[in-house]
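These notes are about the structure you will find just below.
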Amino acid sequence: MSTIEKVQEDVLVEEQVGVNNEIVLYNDDVNTFDHVIDTLIRVCSHTSEQAEQCAILVHYKGKCTVKTGSFDELKPQCTQLLEAGLSAEII
């Protein structure tokens with residue numbers, strides 16, 4: 001008579017659960033390209049090229065993700081964008 005041995009393995013699965021949020025910047029009819037670009041450089045540490053590309057995307061697409069990170073990192077940046085008169089939210 002033979003014996004059949006069953007082996008059960010526990011597999012650890014790491015999941016990244018919602019650690020990244022996004023600041024989404026929305027188009028408006030009030031702010032100039034220069035103001036949006038300067039604000040993104042100052043608040044979000046964008047390069048001038050990044051800020052210009054985001055401003056163009058916002059203008060033509062209506063919105064653009066300008067920063068990702070944890071909620072705690074993004075909250076002060078989003079507040080500064082709002083205080084500068086831009087339309088933004090964290091999602």
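The values are calculated or read from the model by the stated rules, or taken from the named source; none is laboratory data. Please read these numbers as outputs of a predicted model, since none were measured by experiment. Cβ sites come from the backbone with ideal geometry, for glycine too, and all protein chains shown count toward neighbours. Note: areas computed on protein heavy atoms with side chains; ligands, DNA, RNA excluded. Shrake-Rupley method; radii C 1.70, N 1.55, O 1.52, S 1.80 Å.
May I ask which residue of Ile90, Thr68, Ile56 lies farthest towards the positive end of the charge dipole of the chain, with charges of +1 (Lys, Arg) and -1 (Asp, Glu) on Cβ and the Cα centre as origin?
Result: Ile56, furthest along the dipole toward the positive end.
Could you look at the chain and say what percent of its accessible area is carbon and sulfur, using a 1.4 Å probe and all protein chains?
Working: 3420 of 6960 Å².
C and S atoms contribute 49 percent here.
Using a 7 Å offset from the Cα along the Cα-to-Cβ direction at both Glu83 and Ile56, what is the distance between the two label points in nm, to one decimal?
Spacing of the two 7 Å Cα→Cβ label points: 3.1 nm.
Quickly estimate the mean residue ellipticity at 222 nm for the chain, helices only: each DSSP H run with n ≥ 4 gives -39500 (n - 2.57), and the total goes over all residues, rounded to 500.
-13500 deg cm²/dmol
Relative contact order for the chain using alpha-carbon pairs under 8 Å, separation at least 6, rounded to a whole percent?
Relative CO of the chain lands at 42 percent.
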